[in-house]
1. Criterion first (surrounded by fewer than 21 Cβ atoms within 10 Å (Cβ to Cβ) and at pLDDT 95 or above) does ARG46 satisfy it?
2. Quick check: is even one residue across the range 74-84 basic (Lys, Arg) and surrounded by 15 or more Cβ atoms within 10 Å (Cβ to Cβ)?
3. Select from the range 120-178 the residues that are in contact with a His (Cβ under 7 Å, 6 or more places away or on another chain), hydrophobic (A, V, I, L, M, F, W, C) and farther than 12 Å from THR96 by Cβ and list them in ascending order.
4. What is the number of the single condition among (1) closer than 24 Å to GLN167 by Cα; (2) over 15 Å from the mean Cα position of the chain (by Cα) that PHE147 does not meet?
5. Before we move on, is THR128 of a type in the set (Ser, Thr, Tyr), surrounded by fewer than 15 Cβ atoms within 10 Å (Cβ to Cβ), over 19 Å from the mean Cα position of the chain (by Cα) and farther than 23 Å from THR154 by Cβ?
6. Mind listing just one residue for me: the one in the range 131-142 that is touching a helix residue (DSSP H, G or I) at 6+ places or on another chain (Cβ under 9 Å) and under 24 Å from ALA192 (Cα atoms) and, of those, surrounded by the fewest Cβ atoms within 10 Å (Cβ to Cβ)?
7. Identify all residues within the range 151-169 that are more than 17 Å from the chain's Cα centre (by Cα) and among the charged types (D, E, K, R); write none if there are none.
8. Could you grab me the full set of residues in the range 186-215 that are closer than 22 Å to VAL36 by Cβ, open to solvent by less than 50 Å² (accessible area, probe 1.4 Å) and not in a loop (DSSP other than H, G, I, E, B)?
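The values are calculated or read from the model by the stated rules, or taken from the named source; none is laboratory data. Keep in mind it's a predicted model, so treat the numbers as computed, not measured. FYI the Cβ positions are ideal-geometry reconstructions off the backbone, even for glycines, and counts take in every protein chain you see. These accessible areas exclude ligands, DNA and RNA; they are computed on the full protein's heavy atoms, side chains included. Shrake-Rupley method; radii C 1.70, N 1.55, O 1.52, S 1.80 Å.
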Amino acid sequence: MLNPQPEPVGQRSHVSIDFARISARERYKLLIGAVVPRPIALVTTRHPDGTVNAAPYSFFNCLSADPPILALGVENHNDMSFKDTTLNIRLTEEFTVNIVDHALVDAMNVCAVPFPSHIDELAEAGLTPAPGETVQCPYVFEAPIAFECRRHLTLGLGKSREIVLGQVMRMHIREDLVDQERFYIDQLALDAVGRMGGHGYSTTRHQFDLPTMSHEQWLAMRPMPPNTDG
């Protein structure tokens, strides 16, 4: 299961782990500890009876700009029944992704509490629902950014998880965060948080720029091989 791999002299060794020989829980712990930081989606949905649900997910990312696609990984309940998020998306084909900034962390954590289905997490967390413009479910007014989405595709991964791809129909963004002429978002002002392993979270307050080089730039700065001519 754990196989040490030989490494060149002077370097640290690696351990090779066969995922086929460990449990799903062990795979989960390794994945969430290694794939970090993960962006957090506070997802709002609305049941056809009008009940609003809000729940955070860190198996989340942007997959495409054309078409604009966001992806959610939503784990099913232990009995393999759908969580409210998945059920509501299946029934309405709509959802909203709210980006979590540092100011929203405590309220997001309240929304993670496993409330009964009839409880409105936004109300419990003291958050303000704002009416969607292209979807029936609300977005979180306090969130710095929100994406109104229509379901594009749902993938069932075995019995344990649903992958939901949503096409972004409209974006709401706090005015001070965006240059509306250049479509530039001030990421430091956004102050988004990410999910780490276990109960850990991270900020995005420490950043650095690293432009991608052209091939010509790389050739110009590449160390030259030693001259082996006699």
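1. Considered against the rule, which asks whether it is surrounded by fewer than 21 Cβ atoms within 10 Å (Cβ to Cβ) and at pLDDT 95 or above, ARG46 comes out as no.
2. So in the range 74-84, the residues basic (Lys, Arg) come out as 83.
Subsequent filtering for residues that are surrounded by 15 or more Cβ atoms within 10 Å (Cβ to Cβ) retains 83.
Scanning the range 74-84, I find at least one residue that is basic (Lys, Arg) and surrounded by 15 or more Cβ atoms within 10 Å (Cβ to Cβ), so the answer is yes.
3. LEU165
4. Every listed condition holds for PHE147 apart from (2).
5. Details: of a type in the set (Ser, Thr, Tyr): yes; surrounded by fewer than 15 Cβ atoms within 10 Å (Cβ to Cβ): yes; over 19 Å from the mean Cα position of the chain (by Cα): yes; farther than 23 Å from THR154 by Cβ: yes.
It is true that THR128 is of a type in the set (Ser, Thr, Tyr), surrounded by fewer than 15 Cβ atoms within 10 Å (Cβ to Cβ), over 19 Å from the mean Cα position of the chain (by Cα) and farther than 23 Å from THR154 by Cβ.
6. Of the range 131-142, the ones touching a helix residue (DSSP H, G or I) at 6+ places or on another chain (Cβ under 9 Å) are 135-138, 140, 142.
Adding the requirement that they be under 24 Å from ALA192 (Cα atoms) leaves 137-138, 140, 142.
On the way: CYS137: 23, PRO138: 22, VAL140: 27, GLU142: 19.
In this case the residue turns out to be GLU142.
7. Within the range 151-169, LYS159 is the sole residue that qualifies.
8. LEU190, ALA192, VAL193, GLY194, SER202, listed by residue number.
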